[in-house]
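Notes for the one structure printed next.
The values are calculated or read from the model by the stated rules, or taken from the named source; none is laboratory data. In this text the structure is predicted, and so the values were computed from the model without any measurement. Methodologically, a virtual Cβ is constructed for each residue, glycine included, from the backbone with ideal geometry; neighbour enumeration extends over all protein chains shown. Note: accessible area is taken over every heavy atom of the protein model, side chains too, but ligands, DNA and RNA are not part of it. Shrake-Rupley method; radii C 1.70, N 1.55, O 1.52, S 1.80 Å.
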Amino acid sequence: MLQKDFLSIRDFSPQETGQFLHLACQLKAHPGGYTSALKGRTLAMIFEKPSLRTRVTFDVGIQELGGHPLYLSPAEISLGKRESVYDVAKNLERMVQGIMIRTFAHDIVVDMARYAGIPVINGLTDYSHPCQAMADYLTMLEVKGRIAGLKVAYIGDGNNVAHSLLFAGAQLGAEVWIATPPGYEPDSGAVAWAVERCAATGASCTITNDPNLAVLGADVVYTDVWASMGQEAEAAARRNIFQPYQVNAKLFAKAKPDAIFLHCLPAHRGDEVTEDVIDSPRSFVFQQAENRLHAQKAIMLELMKGDKAAERETARESRLELVK
Ligand code: CP
Ligand code: NVA
């Protein structure tokens, strides 16, 4: 794999997407086997939004691979205000070997990756959450034993988590359904990309406003908060709009009898999901949360391992030769 960054699952081939999962399984099965794989390498973690899972799993993950985490809070960096994205990238590339960034506009991570000569990992933007999707499909693979042909029903807001679930599903052969209230559908460009990729992989994607149709016969039922980080002011209005999309026992019963429930977390019990679903034996949300660790260790290992920088330089030189 020659990609420098992990910004979107769209940037990879179906085979490469599968390779990340395969490596994550290996890392999970042999936790002691990679303890010096990223020895001496530092990952800067830029957070412009709060986090539990992303913060902890990147921090623990890089240490388990022999490297060091460096947490940078919103107050410290103040991206674009105290200092431009360009200047932050140009500084960090001289000090650390990788950057994980959680921010608002997706363009910020794209710019960071363009300016920094080191790997940049998207730890959530308003548009996507690719590390989450890798953990999601790892969990499905573990629990269901396969991904191809699984009916995955996402019920809720068609934003970041839904986009990445759709992209990864299209790469890995899943049958992804997304049910949202009218006006909250996924981005049309995201859907268009998924439709095209599905044609190549045998996956499928369906966007609907009917949660019952989406959940009918599903293997996996997935939801996320109704108001994402940065949308707190809309929370009351959204509560009314999204109420018919609550994943409760009645809706969950329309899925297959052995269907599982997933949620990226944090969850708001009584809003997007009821206790009898999220706290039931068919809920795998904590296994899913743990899998962030294994999935991200695979991503860091693939992007930050020693020979990668040299590989990228050789590839860049041969591209320049071609241009000459
Ligand atoms: N799912 C997820 O990204 O959780 P955090 O916001 O706690 O990182
Ligand atoms: N859609 C949610 C996901 C949190 C992990 C948000 O952006 O807040």
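For the stretch 125-156: of the residues being open to solvent by less than 10 Å² (accessible area, probe 1.4 Å) and either in a loop (DSSP other than H, G, I, E, B) or among the aromatic types (Phe, Trp, Tyr) (or both), which is nearest to ligand 1 (Cβ to nearest atom)? Looking at the filtered set, the residue picked out is HIS129. Put simply, of GLN231, GLN243 the only residue that is away from ligand 1 (no atom under 16 Å from the Cβ) and modelled with pLDDT of 95 or more is GLN243. Given the structure, is LEU251 within 16 Å of ligand 1 (Cβ to nearest atom), in contact with a helix residue (DSSP H, G or I) (Cβ under 7 Å, 6 or more places away or on another chain) and outside any loop (DSSP other than H, G, I, E, B)? No. For the stretch 227-250, enumerate the residues that are open to solvent by 10 Å² or more (accessible area, probe 1.4 Å) and hydrophobic (A, V, I, L, M, F, W, C). Across the stretch 227-250, the qualifying residues are ALA227, MET229, ALA233, ALA235, ALA236, ALA237, ILE241, ALA249. Among the residues making up the stretch 92-105, a single one is touching a Lys or Arg at 6+ places or on another chain (Cβ under 8 Å), within 16 Å of ligand 2 (Cβ to nearest atom) and open to solvent by 20 Å² or more (accessible area, probe 1.4 Å): PHE104. Scanning the stretch 27-48 for residues that are of a type in the set (Gly, Ala, Ser) and open to solvent by less than 70 Å² (accessible area, probe 1.4 Å) gives ALA29, GLY32, GLY33, ALA37, GLY40, ALA44.
Only one entry of ILE121, ILE207, ILE178, ILE108 meets the criterion of being crowded, with 24+ Cβ neighbours inside 10 Å and more than 15 Å from ligand 1 (Cβ to nearest atom), and that entry is ILE178. Residues that are more than 19 Å from ALA179 (Cβ to Cβ) and free of Cβ contacts under 8 Å to residues at least 60 places away in the same chain are absent from the stretch 216-230 altogether.
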